[in-house]
Amino acid sequence: GFDGSMAYSFAKHQYTELEMTKKFIKNIIWFLIRKPDIILSHSPPFKLHDAEDLPHRGFKVFVFIINHFSPKIWIHGHTHLRNHMEIQESVVKNTKVINTYGYKVIDIEI
């Protein structure tokens with residue numbers, strides 16, 4: 001998984017796009033060998049359930065991971081829902097991206 005949000009005040013657990021990309025690169029061997037089914041992250045992928053403001057903007061490297069490694073499920077939080085009608089789940093390629101801000105019960109069959 002990936003902790004943190006986009007750096008906006010440079011506090012702990014805030015990263016620039018480059019820093020988050022480096023976190024991914026440090027684990028790329030694991031991705032190549034194991035190809036994860038489920039990925040957890042605090043922040044969403046870029047343009048998927050994120051917002052325009054810097055604190056709630058998603059990471060582009062997460063979109064790269066989805067496009068190249070196709071995990072079955074990507075679970076994230078951080079992005080507050082503005083209303084109960086807002087989209088909380090999307091499918092990108094073969095990856096189901098789920099916003100679990102607040103809480104969410106997810107059934108996963110093994």
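Select from region 2-42 the residues that are among the small types (Gly, Ala, Ser), in a loop (DSSP other than H, G, I, E, B) and surrounded by 11 or more Cβ atoms within 10 Å (Cβ to Cβ) and list them in ascending order. Of everything in region 2-42, those that are among the small types (Gly, Ala, Ser), in a loop (DSSP other than H, G, I, E, B) and surrounded by 11 or more Cβ atoms within 10 Å (Cβ to Cβ) turn out to be GLY4, ALA7. Of all residues in region 74-87, none satisfies being under 23 Å from LYS23 (Cα atoms), out of contact with any Gly (no Cβ under 9 Å at 6 or more places or on another chain) and aliphatic (A, V, I, L, M).
Okay, residues lined up against (1) within 14 Å of the chain's Cα centre (by Cα); (2) of a type outside the set (Phe, Trp, Tyr); (3) closer than 22 Å to THR100 by Cα:
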{"position": "ALA7", "(1), (2), (3)": "no, yes, yes"}
{"position": "ASN27", "(1), (2), (3)": "no, yes, no"}
{"position": "ASP37", "(1), (2), (3)": "yes, yes, yes"}
{"position": "HIS42", "(1), (2), (3)": "yes, yes, yes"}
{"position": "ALA51", "(1), (2), (3)": "yes, yes, yes"}
{"position": "GLY58", "(1), (2), (3)": "yes, yes, yes"}
{"position": "VAL61", "(1), (2), (3)": "yes, yes, yes"}
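So which of PRO45, PRO71 ends up being open to solvent by less than 50 Å² (accessible area, probe 1.4 Å) and touching an Asp or Glu at 6+ places or on another chain (Cβ under 7 Å)?
On the way: PRO45 fails: touching an Asp or Glu at 6+ places or on another chain (Cβ under 7 Å).
Just one listed residue meets the conditions, PRO71.
Tell me, which residue of region 95-110 that is open to solvent by 80 Å² or more (accessible area, probe 1.4 Å) and closer than 23 Å to MET20 by Cα is modelled with the highest pLDDT? Filtering region 95-110 for residues that are open to solvent by 80 Å² or more (accessible area, probe 1.4 Å) and closer than 23 Å to MET20 by Cα, the one modelled with the highest pLDDT comes out as LYS96. Inside region 43-54, residues that are of a type in the set (A, V, I, L, M) and outside any loop (DSSP other than H, G, I, E, B) make up a count of 1. For region 4-27, the set of residues classified as among the acidic types (Asp, Glu) and closer than 12 Å to GLY58 by Cα consists of GLU17 only.
The values are calculated or read from the model by the stated rules, or taken from the named source; none is laboratory data. Computed from a predicted structure; not experimentally measured. So basically every Cβ, Gly included, is an ideal-geometry build from the backbone, and we count neighbours across all protein chains shown. These accessible areas exclude ligands, DNA and RNA; they are computed on the full protein's heavy atoms, side chains included. Shrake-Rupley method; radii C 1.70, N 1.55, O 1.52, S 1.80 Å.
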